Structures are given as C-alpha cells and as structure tokens.
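Here is the structure we will look at, set down as structure tokens.
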There are 2 protein chains.
Amino acid sequence: MDCKFIAGGVTAPQGFTAQGVCASIKPSNTTKRDLALIYCDTLCNSAAVFTKNLVKSDTIYVTQKHLENGKAQAVVVNSGNANACNADGYEKAEQMCKLAADALGVSADDVIVASTGVIGQELPIEPVKKGIEAMRGTLSKDGGTNAAEAIMTTDTVKKEWAVQFELDGKTVTVGGIAKGSGMIHINMGTTLSFVTTDLAISSQMLKEALLEAVEESYNMVSVDGDTSTNDTLAIMASGMAGNKEITEKNDDYNTFTAVLTEAFKAVAKKLAADGEGASKLLICKVNGSKTKNDAKTIAKSIICSSLVKAAMFGADANCGRILCAVGYSGAEVNVHNIDVSYRSAKGEILVCKDGLGLAFDEEKAKEILLENEIEILVSLSDGNASAEAYGCDLTYDYVKINGDYRT
Amino acid sequence: MDCKFIAGGVTAPQGFTAQGVCASIKPSNTTKRDLALIYCDTLCNSAAVFTKNLVKSDTIYVTQKHLENGKAQAVVVNSGNANACNADGYEKAEQMCKLAADALGVSADDVIVASTGVIGQELPIEPVKKGIEAMRGTLSKDGGTNAAEAIMTTDTVKKEWAVQFELDGKTVTVGGIAKGSGMIHINMGTTLSFVTTDLAISSQMLKEALLEAVEESYNMVSVDGDTSTNDTLAIMASGMAGNKEITEKNDDYNTFTAVLTEAFKAVAKKLAADGEGASKLLICKVNGSKTKNDAKTIAKSIICSSLVKAAMFGADANCGRILCAVGYSGAEVNVHNIDVSYRSAKGEILVCKDGLGLAFDEEKAKEILLENEIEILVSLSDGNASAEAYGCDLTYDYVKINGDYRT
C-alpha cells in the first residue's frame, strides 16, 4: 500500500465543503466554534458505526434512520451539549437535520446528525438555528478546519487529517476530523469522527471497510475506560475520484481498507495523545500471543490500567504494574515467559525477563520515560499473534478536568 | 441475626495472639512496622481465597499447599515487598514459613504466608529472620494492633475489627485485620486480610461461609480497577468458643455466614474509604434490576467509572456520568426507567427520572456531595433484584501516590 498524508481535513476530497461557527450552544460560550456543517455536492454512499452504550443520544437513532438507505449528503454536528437523556432529544435531532437540510438544499433524510457535550441538559434549538443561518452560503474548502474546531470539547488540539493514494489510475483522497478527549474506550467507533472521500464505492463495501479499519484503530484506544453515549464515526464517499466503483472485496477494496486503517491508526494516536489531561502518548505493543484476540486483550488491559497510567505519568519503570495488568487481562498467557521493555526516542530498556523483575539502570529508565511518547513492549512466547493499543497517562489534570466538567 | 461490633482485631477471639515489628524489609524503612505474626494456641480449621490474577505471588502457591488439609496455626506476613515475579519467590516464601514455625513451635506446613509491596524485587530474608527473632516470645493479645499496622502499605488508617454473637448458648468472637489501599478490584478476595474466630466449624464449612461472605463484600469493592497479584483472605477457627461444631449448612452455619457478611461489608467500606488518595467513600445502591447479577454489574460499573469518581471528587452532580456507566455496564436494563439520586448526611437529591436528566437545585446538590460519604442510588423498574458496591473518588493524590510508587 502506497499512500501519503497531505494537508487538510474533511474538505480535501473532491466534492466536499464545510464550515464551523460559534453558535453559543452553551450561553457562556461566546468565542469557541461549536456548530459545524459538512456538505457534498452530490449524494454520497455512506456508512457509520456507533457507540455500544445502551444509553444513547437520540442523534444516533436519527442518524441510523437516515443511513438505512446507505446515502447521505451532509453532516450537522454541535459541541457543548450531548443531546442525550433529554425528553425532546429525538425531536431536536430531527430539527437540526431539517434546519441543515433547508440551508443546504438537501433532503433532511440525507443529513447525518451528531452532538457532544453535557448529558441530560435540554438542547437549545435557537442557537442552532442562528448558527446554521450564519453558515448559509459560507461553506468552502477552507471551512473544513473551522468544522474541526467546532467539534472539539476538552481537546487541546484539533484533529484533522487527509491522505491520498492511487487507485485504478486515479488519485483518491480521504479526509477526516475527529474529537477526543474523555469518555473514550475500546470496542466501538469511539468519539465523534467524520470522514469524507471521493472514492467510488458502494454503501455496503464502505460499511465493511469502515468496520475493518475501526478494529485495529479506534477500537484499540482508551483514555479513561468510559464509553460515551454519543460515539459516531460516519463516512461519506462522493465517487468523484472517477475510479471504477468498488462493489466487492477485490484488490481495490483491500487497498482502500489498508489506507483507511493506516489513517485511523494515526487518528487513534492523536486521540490518545490528547486524552483528557494527558502528558504522554502510550503505545502498547504485544507480540508472541497465542491468538490475535489474546494479544488485543493484553494490550488493552495494560493501556486501561490506572496504575500503569499513573506510573507512566511519574516516569516510574515499575514492571509490576505491567505484569499485574497482563495477569488479570483474561487472556491466555504463560506467565513465565513475559518480557517487558519500555522504549522511547531516548532508547529502550528491558525491565522484566521470563516473568521475573530485573535490576535495571533506573536513571536510564527515567530518561526514557520522561519522553512524551512511550512504547510499552510485551513479548510472549505463546504464539505468533500481535496487537497494538493506544492510551495516555493519568494525570492531575484528568482529575481536575473531570472534577468539575459541567462548568 | 444479632451481633455487635466490639473493640479489637485478630486477637479478640479466644486462643489467638499476635505481634508486629519494624523489620526494615525496605532498607529505607526504619520506623514503620512491616512484619507480623498471628498465632493460635491450637491447630485451626482454616480456609482462604486468593487473587484471580494469573500473575501470582509465590506466597499464594505456598499458602495454597499449606491449606490443602484445611489446617493452619499461624500467619506470617510482610509489607514493603510483594515477593512476586522473583526467581527465588517460592523458596523465600517457604523460608518465611519455616522461620515463623521455628519461632512459634509449630509445623511449617501449618503456616499461612503473605506479602505485599513492590512487585519484581527480590525479598531480603535477613530482615525477616531478625524480625521474627525479635517477636519470639512477645506475641500477645495486645500485639494484634501492631499486626494490623504491619500490613499497611499506602493505607492511612489501620483496619481491624471484631464482632461477637451468640451461638448454641456460647459467645463466639470473630476478628480481623485488612490492608488497602490500591490495586483493589472486584471479584476476588481483595487485598490482604486475616480473620480469626473461636467458632467450632469444619474446614469445609468455613470455606463455604468465607466464599458466601466475600460475594457481597470484598467482591464489591473497587479502588482502581487493578487486580493485585497477592490478594489473600485467610480465616482460622480455633473452636474454643465451645459451640457444637458446625459441619453442615444448618441454622448455626447461616448465622455465622450472616455475621461474617456483615463484618466483611464493614471492612469493604473501610477499604474503599481509605482507597489510595480517596477523599470520599462512594456507596452505589442499585435496586429494581432484573437479576442479582445485573444489579451487581451496574453497581460495579458505576463505582469503577473514572468519570464518576472524578465527578464525585469535584462534588459535581453530573447525572450523565452515572447514566453512561449504567449504559455500558453490560447489564440488561430498560434505559427509559432509570432514576438516579445522590444522598449523604446532608440530604438526598433526584437528578435523573425515567432516564432523563432533571433540572435540580445545584447548591443543594453541592452541599450533599461535599460530604465524605456519598450514596449513589440507582432505581430501575426491570425487576426486584438489588446490589451494593463500594468505591472512592479519584483524586490528585491517587495520581501522586501512583506516579512514584516505588520510592
């Protein structure tokens, strides 16, 4: 697979424009963009994955209904209010679609809607109305970055990305925006993410590619072990790249899925690195597992451990924290064959061999762990399967942010 | 069931003496007691439960072997070093038993051994030897409280308890000591705990009673979601109360199990309240669940949520955090029938009704949540099952303690 990351986000692929404004969804917010529109000149084949939380925002039910036919032409999304656990949530989500549809001249049934923010507080529709009005006629290629800003909540950096690859003699572009940064956990299309592409692909193949790409990326990120009520990852394909439409799992499908996986892994790392309060990105790589599932289970257990996360914050090369998390992961593992190393730009250090703690150079370990991107390497001898998971350290700031989230 | 808590700990029941000293297991520790012995004048029927972590301290394998015959007469336990993931761990654990046995004049096979502290560092046996020598001949009724101190790690208060009840016209006493306060999670005999009683009961019935009592108490506590490698909860029964020995599940068995459950629940609350860095005890009570298992699953999911824990630290009555944790718990639940209240000594406030967030008096909520014991009440309408789980808030101090645990 030969692909390259380029500048841009959701408007990088042909056919897409976007915008984001400050609509003051939270009355106290008078400066931060909190409402976005993404639009495509043509009706797109579309697919999405959603949170597995039983408590769901009504935006999810509305979007699911709108995507039943595998088609969409626009996205409307707000931050500042999750529109979850509200009596009028469904109605408000439909109103958002209708307002966006009217402004963009599309059918309300072809609008994807999403919200993020505080749960259980009524969504005020008036700011949404005014914000959409303000965006009417302003959607542009440049507006993509404003859309990326508008979906940020506790994120400290906006997340947008674009990637290009060749297919069938044509250049295909894929772009996306994503938000973090708390209530993020493995095993779902975590957080809000919107992905666009000019690839020609059927809705069914788009859905399959999405599910495959998510498996090794979004589904392997954890910030705090909490699964949001609003997680939505939607993808729209305009077909404007002019490639032969992908309608089956052929080589073109495999190429696209590989590109999407690679791009999503990069997003997963960005989400983890900007996890609430995070000072370090943690990448856990497990190899030598009996099965892929065991490798994933172990990698996720380590990434999710509060004790591992706090130790990494403190740059403490405590191998006991890692061994402990391997042991309770639920994966099948021979505990007498666990090797553990820490690696960063400053080097690599082995702290555990064959399940036994080693004496090691504490100063060297400290130097390695003071970097802001740490790899935790776990080597087993149970088989040939491997996996990677992405997380972040647990810091004072995580506690601070979530000790008083609503104000 | 009619029982009363009395002063004292492991030496409260007839036949038991104990002691604890500073043995400097960690060379840097020259003041804190870190080695304890518990002894009974007679061979006791005994039972224990252990961690389910695959990575286990060798002390657990040695104790399991010694308890195969359901008999024990002494306990030797140290803090400051977990004796886990060490090449010579098994040998050292056996040496500890032998040293204790020699000093106390019992068989090494009748000694229960446990360790707690840093994982993956060799246990120095010389301090253990000297410490046991220092305790020779000093075991006493008064020494129980020293033993309770000796097993403390990051605990801020020592945990000892005793309870009395009448059985068969005799007064039976049960006493215990326990340690917290991190790496504590549901579904096992969490932490180190040693329980003594003068009840006459067979080893088999003692084991059954222990398993039943643990289910509603130790197995419902979480501090940080991490499952220790060293968890051991052992109970020894001297039979000196003179009651008719319990050898089957009769009324006497039920009485004892109820007393033990009650006492263990009190310990569970103490462990949670003194969880690493904790400023508040959280008690989550779920009722109206379809099954007992669903109720437990929901209560544990809430208690374990980092976001719930951080919100409670900040006295933020965020109902979204609770609904979210109910929704991803995995339990079967009708999300349209979830009521959520917070309760403390300052009153009670309903923040969610029928799965929908309510407007509520924020000042009143703050007042309630600023207390140091908070009940999170979740009421469902799916059935008649209920459950309780115990946890604590997530604070800056948790991060601080675990950012640099080993020094």
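Taking +1 at the Cβ of each Lys and Arg and -1 at the Cβ of each Asp and Glu, which of A:L167, A:A148, A:A103 sits farthest along the dipole of the range A:90-201 towards its positive end, judged by Cα position relative to the Cα centre?
Of the options given, the answer is A:A148.
Find the Rg to Rh ratio for the range A:172-221, where Rh is the Kirkwood radius over alpha-carbon pairs and Rg uses the same atoms.
0.99
Provide a whole-number value for the mean count of partner chain Cβ atoms within 10 Å of the Cβ atoms in peptide A:381-394.
1
Could you list which residues have their amide H under 5 Å from that of B:K280, counting only those 5 or more apart in sequence or on another chain, with H placed in the peptide plane?
B:D393
Could you give the radius of gyration (one decimal) and Dmax (whole number) of the Cα atoms in chain B, in Å?
Radius of gyration, then largest Cα-Cα span, for chain B: 21.6, 68 Å.
Mind checking Rg over Rh on the range A:116-161, alpha carbons, Kirkwood formula for Rh?
That ratio equals 1.02.
Measure nothing but the geometry: give the 0 to 90° angle between the long axis through the Cα atoms of A:292-304 and the longest principal axis through the Cα atoms of chain A, rounded to 10°.
For A:292-304 against chain A, the angle is about 90 degrees.
Using a Gaussian network for chain A with springs between C-alpha atoms less than 10 Å apart, which of these wobbles most: A:S228, A:S289, A:S181?
A:S289
Determine the share of the range B:364-407's accessible area contributed by carbon and sulfur atoms, expressed in whole percent, with a 1.4 angstrom probe.
Ligands and nucleic acids excluded, carbon and sulfur give 44 percent.
Considering chain A as a Gaussian network with a 10 Å cut-off on Cα pairs, which listed residue, A:D198, A:D58, A:D142, attains the greatest mean-square fluctuation?
A:D142
Comparing the chain by itself with all protein chains present, which residues of the range A:46-95 are at least 20 Å² less accessible (probe 1.4 Å)?
A:N53, A:L54, A:V55, A:C85, A:A87
Rounded to a whole number, what is D in µm²/s for the protein assembly as shown from Stokes-Einstein with the Kirkwood radius over alpha-carbon pairs (10 °C, 1.306 mPa s)?
57
On the full set of protein chains, 1.4 Å probe, figure out the accessible area of B:E166 and give it in Å² to the nearest 10.
Answer for B:E166: close to 110 Å² accessible.
Using the Kirkwood radius built from alpha carbon pairs, what does the Stokes-Einstein equation give as D for the range B:339-407 at 10 °C and 1.306 mPa s, in µm² per second?
110
Compute the orientation-averaged projected area for the range A:108-208 from the convex hull of its Cα atoms and round it to one decimal in nm².
Computed as one quarter of the Cα hull surface, the answer is 9.1 nm².
Every cysteine in chain A with no other Cys Cβ under 4.7 Å from its Cβ, please list them in numeric order.
Result for chain A is A:C3, A:C22, A:C40, A:C44, A:C85, A:C97, A:C284, A:C304, A:C324, A:C392, no neighbouring Cys Cβ within the cutoff.
For the range B:292-362, how big is Rg over Rh, using alpha carbon atoms and the Kirkwood form of Rh?
Answer for the range B:292-362: 0.95.
Would you report the distance distribution of C-alpha pairs in the range B:40-132 as whole percents per 10 angstrom bin, up to the bin with the largest distance?
Bin by bin from 0 Å, the calculated values are 18, 52, 28, 2.
Under 8 Å for C-alpha pairs, at least 6 residues apart: give me the relative contact order for the range B:105-226, rounded to a whole percent.
RCO, the range B:105-226: 20 percent.
Could you work out what % of the accessible surface of the range B:1-136 is carbon and sulfur, using a 1.4 angstrom probe and leaving DNA, RNA and ligands out of the count?
The C+S portion of the solvent-accessible surface of the range B:1-136 is 49 percent.
Which value in deg cm²/dmol, rounded to the nearest 500, describes the helix-derived mean residue ellipticity at 222 nm for the protein assembly as shown, given -39,500 (n - 2.57) per DSSP H run of n ≥ 4 and division by the residue count?
-9500 deg cm²/dmol
Between B:T156 and A:A87, what is the FRET efficiency for a Förster distance of 60 Å, r being their Cβ-Cβ separation, to the nearest 0.05?
Using R0 = 60 Å, I get an efficiency of 0.85.
Rounded to the nearest 20 Debye, what is the dipole magnitude of chain A about its Cα centre when Lys and Arg each give +1 and Asp and Glu each give -1 at the C-beta?
480
Taking just the alpha carbons, could you work out the radius of gyration and Dmax for the range B:166-286, both in angstroms?
Calculated on Cα positions, Rg and Dmax stand at 15.0, 45 Å.
Taking the solvent-accessible surface of protein heavy atoms with a 1.4 Å probe, what is the per residue accessible area of chain A in Å²?
34
Along each principal axis of its Cα atoms, how long is the range B:282-407 end to end? Whole angstroms, biggest number first, please.
Principal extents (Cα only, largest first): 49, 33, 21 Å.
Can you sort A:C352, A:C22 by solvent-accessible area, 1.4 Å probe, largest first?
Greatest to least solvent exposure: A:C22, A:C352.
Could you tell me how many cubic angstrom of Cα convex hull volume the range A:37-192 has per residue?
130
Rounded to two decimals, what is the ratio between the C-alpha radius of gyration of the range B:245-319 and 2.2 N^0.38 Å?
1.46
At 1.4 Å probe size, what's the solvent-accessible area of B:T154? Round to the nearest 10 Å².
For B:T154, solvent-accessible area is about 40 Å².
So how do A:M135, B:M240 rank on accessible area, 1.4 Å probe, biggest first, that is with the largest at the start?
Accessible-area ranking of A:M135, B:M240, largest first: B:M240, A:M135.
Kindly give the distances from A:P27 to its copy-mates, label point to label point, with each label point 7 Å from Cα along Cα→Cβ, as nm values to one decimal ordered shortest first.
Output for A:P27: 6.5 nm, nearest copy listed first.
Do you know which residues of the range B:355-380 lose at least 20 square angstrom of accessible area in the protein assembly compared with their chain on its own, with a 1.4 angstrom probe?
Correct list: B:L356, B:G357, B:E362.
Only Lys, Arg, Asp and Glu count, each charged at its Cβ (+1, +1, -1, -1), so figure out the dipole size of the range A:129-274 about its Cα centre, rounded to 20 debye.
Dipole of the range A:129-274, to the nearest 20 debye: 540 debye.
Please give the solvent-accessible surface of B:L167 in Å², to the nearest 10, using a probe radius of 1.4 Å with every protein chain present.
We get 10 Å² for B:L167.
Please compute the Kirkwood hydrodynamic radius over the range B:10-68, one decimal place, Å, based on all pairs of different Cα atoms.
Computed over the range B:10-68, the radius equals 14.1 Å.
Ordering B:Y90, A:Y328 by accessible area with a probe of 1.4 Å, largest first, what comes out?
Per-residue accessible area, sorted high to low, gives B:Y90, A:Y328.
Below 8 Å, C-alpha to C-alpha, sequence gap of six or more: please give me the relative contact order for chain B in percent.
About 17 percent, as a whole number.
May I ask you to evaluate 6.51 cos²θ - 1.76 cosθ + 1.60, the Karplus curve with θ = phi - 60°, for each residue of the range B:204-217 and list the ³J(HN,Hα) values in order in whole Hz, giving x for glycine and proline?
With the stated coefficients, the range B:204-217 comes to 5, 5, 5, 4, 5, 5, 4, 4, 5, 5, 5, 3, 9, 10 Hz.
Report, largest value first, the span of the C-alpha coordinates of the range B:140-194 along each principal axis, in whole Å.
Principal extents (Cα only, largest first): 42, 30, 14 Å.
Please check: in the Gaussian network model of chain B (C-alpha springs, under 10 Å), which one of B:N219, B:N254, B:N45 has the largest mean-square fluctuation.
In the Gaussian network model the winner is B:N254.
The values are calculated or read from the model by the stated rules, or taken from the named source; none is laboratory data. Just so it is clear, the structure is predicted and the values come from calculations on it, not from any experiment. With ideal geometry, Cβ positions are generated from the backbone for all residues, glycine too; neighbour counts draw on all protein chains shown. All accessible areas refer to the heavy atoms of the entire protein, side chains included, with ligands and DNA or RNA removed. Shrake-Rupley method; radii C 1.70, N 1.55, O 1.52, S 1.80 Å.
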